[in-house]
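Here the structure comes first, spelled out in structure tokens, and everything after it is commentary.
Please treat every number below as a calculation from the coordinates, not as lab data. Nothing here was measured: the structure is a model prediction, and the numbers come from that model. Because the Cβ atoms are built from the backbone with ideal geometry, glycine has one as well, and the counts that use them run over all protein chains shown.
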Amino acid sequence: MNRLLIKGGRVIDPASGIDGLFDVYAVGGKIAAVKPYEPSAFSLQPNDWTVIDAAGLVICPGFIDMHTHLREPGYEYKETVQTGAMAAAAGGFTSVACMANTNPVNDNASVTRYILKKAQEEGIVNVFPVGAISSGLKGETLAEIGELKEAGCIAISDDGRPIVSSGLMRLALEYAKPFNLPVISHCEDAWLAIDGVMNEGFISTKLGLKGIPNAKEDIMVARDIALAELTGGRLHIAHISTKGAVQLVRNAKQNGLNVTAEVTPHHFTLTDEAVIGYNTNAKMNPPLRTKKDIDAIKTGLQDGTIDAIATDHAPQNSDEKDVEFDKAANGIVGLETALPLSLRLVAEGVMSFNTLIEKLSTNPAKLLGLDSKGSLKVGADADITIVDLNKEWVVDAKELKSKSRNTPFDGWKMKGRVVKTIVSGKVVYEE
């Protein structure tokens with residue numbers, strides 16, 4: 001039985017209301033105790049316990065990414081369960097929810113079980129599959145939601161593609177309800193600004209690129225909120241990016257609807273100016289927006305409109321990025337840069353570090369129904385992230401654990417780094 005003691009760090013656990021110097025004990029993969037720091041109290045033999053000195057460091061519940069693309073099965077040249085899990089661990093994520101747009105699509109129990117088996121054999125973090133809403137991600141008929149839930153899926157989503165049919169989205173919210181599964185919606189009006197490749201505005205005009213207006217997202221967020229009100233289902237808005245969408249979610253919450261939302265670090269860090277020079281590593285969907293959208297997102301994080309920070313980690317091979325901007329694939333890798341980018345919000349005074357932990361760990365655990373995660377309470381899974389808030393470093397894309405290198409943050413100076421990631425009481429990553 002593994003026994004772990006993490007001594008003398010600043011323990012921050014929003015779920016328990018703890019913030020101070022404590023010792024954390026874990027036995028058999030579970031939190032056994034969290035006690036006030038006592039330098040001379042520990043006298044057990046080293047061969048009985050693994051002891052980590054966390055002086056000057058922060059100890060918090062392991063981060064949980066609600067939105068990861070592991071690409072396996074089918075696109076192993078971009079990422080695998082193993083390499084994605086390594087990237088997650090390096091970023092402090094002890095659990096990831098992987099999206100269904102694999103090949104074959106995760107729309108049936110056999111694919112779900114395959115992912116879970118690969119995670120058990122090769123992954124070093126917890127992997128929770130997200131099943132498809134529609135068969136084959138075609139948006140025509142519902143996938144077997146009950147079968148997906150039974151096999152181990154914790155949510156459903158056609159992420160990467162919108163559910164165009166309002167009738168099908170209504171059915172998804174209704175059918176998922178008795179299984180208590182959140183429906184994660186990729187909100188875009190597929191018929192508005194077809195072939196758009198970046199945010200519609202001054203920069204897109206200057207670059208001669210087809211733009212994507214904010215309305216493309218806002219229209220579908222409004223529709224899905226209306227359907228959530230109609231059905232009483234659990235709606236979660238993925239990768240929110242516009243000022244209008246933030247306000248729509250805020251209104252929905254004020255009206256008592258079961259609507260939640262997430263935002264990515266790149267959507268509160270970068271504007272569409274990052275595309276200048278036709279930088280394909282700044283091409284994503286939804287696209288990078290403007291400062292007014294970022295300001296609205298920061299306000300939404302402050303007032304609780306936006307519940308979680310998720311990465312939308314989307315590995316792409318260099319052959320799919322090193323092409324003309326119009327033809328380049330969407331997405332960036334995000335697991336390993338999420339923490340330092342989010343810490344910039346703390347430095348700006350947008351939120352406290354405690355609130356940041358809520359957005360990265362406590363709230364995702366609640367939204368995904370992971371009752372034994374997202375806290376350091378006695379009996380919870382010993383999934384722990386240890387952070388050096390003062391560590392300065394420079395992002396080197398070639399050194400990332402991910403199989404892909406598509407990041408717009410290559411060469412950026414960062415402050416704050418994960419130094420250890422612990423899953424079920426075992427160290428799976430050391431900086």
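For n ≥ 4 DSSP H runs only, could you compute -39500 (n - 2.57) per run for the chain, divide by its residues and tell me the 222 nm figure to the nearest 500?
Values: 13 runs with 120 residues, N = 431.
Rounded to the nearest 500, the figure is -8000 deg cm²/dmol.
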Calc'd 3J(HN,Hα), segment 139-152, phi into Karplus 6.51 cos²θ - 1.76 cosθ + 1.60 (θ = phi - 60°), Hz, glycine/Pro = x, comes to x, 10, 9, 5, 5, 7, 5, x, 5, 5, 4, 4, 6, x
Rounded to 10°, Cα long-axis angle of helix 291-303 versus longest principal axis of the chain: 50
From zero outward in steps of 20 Å, how is the percent of C-alpha pairs of segment 63-367 spread across the bins? 36, 62, 3
Helix 243-254 versus the longest principal axis of the chain: what is the Cα-based angle in degrees, 0 to 90, to the nearest 10? 70
Where both residues lie in the chain, what percent of DSSP beta bridges are antiparallel, nearest 5? 55
Candidates S352, S185, S134: whichever shows maximal mean-square fluctuation once the chain is modelled as a Gaussian network with Cα springs under 10 Å: S352
Label S372 and N354 with points 7 Å out from Cα along Cα→Cβ: what is the distance between them in nm? 2.8
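For N390 and L21 in the same chain, what is the full-extension length gain: residue separation times 0.36 nm, less their Cα-Cα distance, in nm? Could you put the intermediate results ahead of the total?
Working: separation 369, 0.36 × 369 = 132.84 nm, distance 1.73 nm.
Full-extension gain reported as 131.1 nm.
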For the chain, take the longest principal axis of its alpha carbons; what is the angle in degrees between that and the long axis of helix 338-348, to the nearest 10 within 0 to 90? 90
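Shape verdict for segment 324-372, please, from the Cα gyration tensor: rounded (a/c under 1.5), prolate (a/b greater than b/c) or oblate.
Values: a/c = 3.40, a/b = 1.47, b/c = 2.31.
In terms of gyration-tensor shape, oblate.
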Of the peptides 314-322, 76-84, how do they stack up when ordered by the mean number of other Cβ atoms within 10 Å, highest first? 76-84, 314-322
